[in-house]
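Report on the following structure.
The values are calculated or read from the model by the stated rules, or taken from the named source; none is laboratory data. It should be emphasised that the depicted structure is a prediction, and the values quoted were computed from it without experimental measurement. Methodologically, a virtual Cβ is constructed for each residue, glycine included, from the backbone with ideal geometry; neighbour enumeration extends over all protein chains shown. The accessibility values were calculated without ligands, DNA or RNA, using every heavy atom of the protein model including side chains. Shrake-Rupley method; radii C 1.70, N 1.55, O 1.52, S 1.80 Å.
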Amino acid sequence: MKKDQTLGEALRLKGISRRGFLKFCAATASMMALPPAMVPAIAEALEKARKPSVIWLSFQECTGCTESLTRSSTSTVEELIFDTISLDYHHTLQAASGTGAEDAREASMKENRGKYVLIVDGSIPISNPGYSTIAGISNEDMLMEAAEGAAAIVAIGSCAAFGGIPQARPNPTGAVSVSDLIKDKPIVNVPGCPPIPVVITGVLTHFLTFGLPELDHLGRPLAFYGNSIHDRCYRRPFYDKGLFAETFDDEGARKGWCLYKLGCKGPTTYNACATTKWNDGTSFPIEAGHPCLGCSEPDFWDAGSFYQALSTPTGDITRNTLYAAGAGVAAGAAIAAVNRKHRSSAEKRHEKVTIDDLEKESKS
Amino acid sequence: MSDLYVTMTRPDSIDIRVGAGPRDTGNVAPLLNEVRHALVQLLDTGKETIIDLRSIPLGPGESERLEETLGEGEIEAVLHSLGRSTIRETAYPGVWLVTHYNEEDEIMGKFVEVTHIPQILKSQNEDINEGLQRLGSTLEQTH
Ligand code: SF4
């Protein structure tokens with residue numbers, strides 16, 4: 001797709017019919033977690049969308065986020081979306097290296113000043129910049145320079161969004177998140193370790209069509225992070241009935257009961273895994289029998305054992321009307337808020353919650 | 001906490017039964033109720049409803065169960081554009097199941113449409129116009 005072409009023009013030139021375009025829009029709406037009623041609006045916006053320039057900077061990261069995105073099997077939608085952006089700099093994916101690569105970054109920043117989208121994965125070491133440099137430039141300097149001319153910044157992965165694993169105690173590099181350093185630009189946080197591929201493309205598509213998405217208090221797009229895993233979990237009816245797996249191989253585990261007592265962080269974790277799922281919609285950790293680790297929440301690595309149950313909410317949680325889209329959400333959100341409060345106060349007091357405690361509470 | 005690990009058995013001794021147990025989210029019945037409501041609305045006001053099945057939490061096997069319940073009706077059409085799409089009327093007239101696949105035949109979207117005819121089946125003006133021009137030039141060449 002040429003730079004001045006709109007997406008609509010590009011698709012028609014490829015010989016794609018209006019029906020094909022409508023199909024593309026329906027799949028895009030589903031990908032962006034927007035209601036199907038939005039399809040006409042999406043069609044209109046995509047028809048007119050122009051190719052934005054994207055600069056992708058990788059700092060203290062494991063490349064898992066890039067892997068997540070590029071290993072997602074090349075679905076047509078994602079392919080077309082990537083056809084519609086101009087990825088001017090990404091040091092893992094680009095062919096150029098060394099001075100050539102850095103020149104390309106600088107040229108694109110100059111040419112598209114004020115208009116490009118800056119994507120960042122990885123956290124930034126500030127106690128000693130020597131921990132991570134690119135072409136001799138410290139991560140902090142490179143970020144600040146690239147941020148200045150950006151229209152918006154997308155922090156991909158928990159490291160860029162919240163500091164992630166590099167920031168886990170004792171944080172040897174003094175790792176910080178993008179939003180710790182930049183205060184004067186719109187920042188969209190797309191956390192997850194790694195984030196779900198369609199969530200990454202969905203956010204980019206949203207930016208392409210409707211501009212910045214609506215964000216929650218942690219800067220995450222509400223369309224994907226608006227519900228907790230627990231709100232949309234298919235094991236939720238068991239939670240509501242108080243049916244829990246106690247070990248990984250007991251009767252409850254075999255029957256697919258709730259994994260809460262095995263440490264599931266679903267109630268305090270906001271992400272789209274329970275509906276979007278992984279590996280082309282095949283499954284997600286809870287469906288595979290493992291509790292949610294809470295990887296899209298700040299400090300998930302330091303929030304206690306993955307296998308230790310969250311402190312129990314004491315409010316009224318007996319609901320079974322769970323057509324989650326509507327009814328479940330409000331209740332789930334309230335429980336999660338209670339849980340979050342509990343978790344942080346428990347953390348402050350360094351108090352451990354054990355299965356015994358849980359049982360005491362559920363009996364009382 | 002520690003007895004959690006002590007009581008673990010060896011993986012090969014775990015009796016794994018695929019699909020065993022009632023893994024019901026309870027979301028199928030409300031979904032069918034929503035479809036019924038949408039049908040009443042279609043008859044009364046002509047208003048169409050589209051439900052994105054990917055936005056609803058369904059447990060293993062539930063999606064298949066939903067499709068089984070909806071059954072097969074009189075019409076099944078296949079669209080070939082950006083991979084195939086199947087557009088099938090279910091056993092309940094006015095309730096259609098639309099599934100979009102990509103070129104690798106992976107599902108890109110699955111919708112229940114409550115309508116007289118899904119929009120995507122109709123010939124689109126842009127395509128009609130393009131076809132009209134092609135027909136015009138064919139006629140010019142033959143005369
Ligand atoms: S605690 Fe975990 S497994 Fe249980 S219903 Fe909530 S998210 Fe699902």
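Things to note:
- Here the condition is being within 11 Å of another protein chain (Cβ to nearest Cβ) and at pLDDT 95 or above; of A:Ala272, A:Ala245, A:Ala288, it holds for A:Ala245 alone.
- When A:Leu181, A:Leu87 are checked against the criterion of being modelled with pLDDT of 95 or more, within 28 Å of A:Tyr225 (Cβ to Cβ) and open to solvent by 30 Å² or more (accessible area, probe 1.4 Å), A:Leu181 stands alone in meeting it.
- Matching residues in the stretch A:113-150 - criterion: being free of Cβ contacts under 8 Å to residues at least 60 places away in the same chain, open to solvent by 20 Å² or more (accessible area, probe 1.4 Å) and in contact with a strand residue (DSSP E or B) (Cβ under 7 Å, 6 or more places away or on another chain): A:Gly114, A:Ile126, A:Pro129, A:Glu140
- For the stretch A:17-33, the tally of residues that are outside any helix (DSSP H, G or I), at pLDDT below 85 and at the interface with chain B (Cβ under 9 Å from one of its Cβ atoms) stands at 1.
- Looking across the stretch A:219-240 at every residue that is more than 19 Å from A:Glu287 (Cβ to Cβ) and within 13 Å of chain B (Cβ to nearest Cβ), the one that is nearest to the ligand (Cβ to nearest atom) is identified as A:Gly226.
- Qualifying residues in the stretch A:177-196 (those that are among the hydrophobic types (A, V, I, L, M, F, W, C), in a loop (DSSP other than H, G, I, E, B) and out of contact with any Lys or Arg (no Cβ under 9 Å at 6 or more places or on another chain)) - the one farthest from A:Thr275 (Cα to Cα): A:Ile182
- Some residue of the stretch A:202-218 being within 14 Å of chain B (Cβ to nearest Cβ), more than 16 Å from the ligand (Cβ to nearest atom) and among the β-branched types (Val, Ile, Thr): yes
- When A:Tyr323 is tested against (1) closer than 30 Å to A:Ser177 by Cα; (2) at pLDDT below 50, just one condition goes unmet, and that condition is (1).
- Complete set of residues in the stretch A:209-230 that are among the hydrophobic types (A, V, I, L, M, F, W, C), open to solvent by 50 Å² or more (accessible area, probe 1.4 Å) and outside any helix (DSSP H, G or I): A:Leu212, A:Leu215
- Among (1) more than 16 Å from the chain's Cα centre (by Cα); (2) of a type in the set (Lys, Arg); (3) at pLDDT 95 or above - the single one A:Arg220 does not satisfy: (1)
- Residue among B:Gly59, B:Gly83 that alone is modelled with pLDDT under 85 and in contact with a Phe, Trp or Tyr (Cβ under 9 Å, 6 or more places away or on another chain): B:Gly59
- Of the residues B:Glu113, B:Glu64, B:Glu76, B:Glu68, the single one that is at pLDDT 95 or above and more than 9 Å from chain A (Cβ to nearest Cβ) is B:Glu76.
- Residue check for A:Pro194: touching a residue at least 24 places away in the same chain (Cβ under 8 Å), in contact with a Gly (Cβ under 7 Å, 6 or more places away or on another chain) and on the phi < 0 side of the Ramachandran plot: yes
Let's see how each residue does on (1) within 21 Å of B:Asn33 (Cβ to Cβ); (2) within 11 Å of the chain's Cα centre (by Cα):
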position: B:Gly61; (1), (2): yes, no
position: B:Leu66; (1), (2): yes, yes
position: B:Glu74; (1), (2): no, no
position: B:Leu82; (1), (2): no, no
position: B:Thr90; (1), (2): yes, yes
position: B:Met108; (1), (2): no, yes
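- A count restricted to the stretch A:1-16 and to residues that are more than 20 Å from B:Leu79 (Cβ to Cβ) and either in the same structural domain as A:Ala274 (by TED's automatic domain parsing) or in a loop (DSSP other than H, G, I, E, B) (or both) stands at 5.
- Out of A:Leu259, A:Leu310, one residue alone is at pLDDT 90 or above, more than 25 Å from A:Val203 (Cα to Cα) and within 12 Å of the ligand (Cβ to nearest atom). It is A:Leu259.
- Helices (runs of 4 or more DSSP H) within the stretch A:231-319 that include 2 or more residues under 22 Å from B:Asn27 (Cβ atoms), open to solvent by less than 20 Å² (accessible area, probe 1.4 Å) and touching a residue at least 60 places away in the same chain (Cβ under 8 Å): A:236-241
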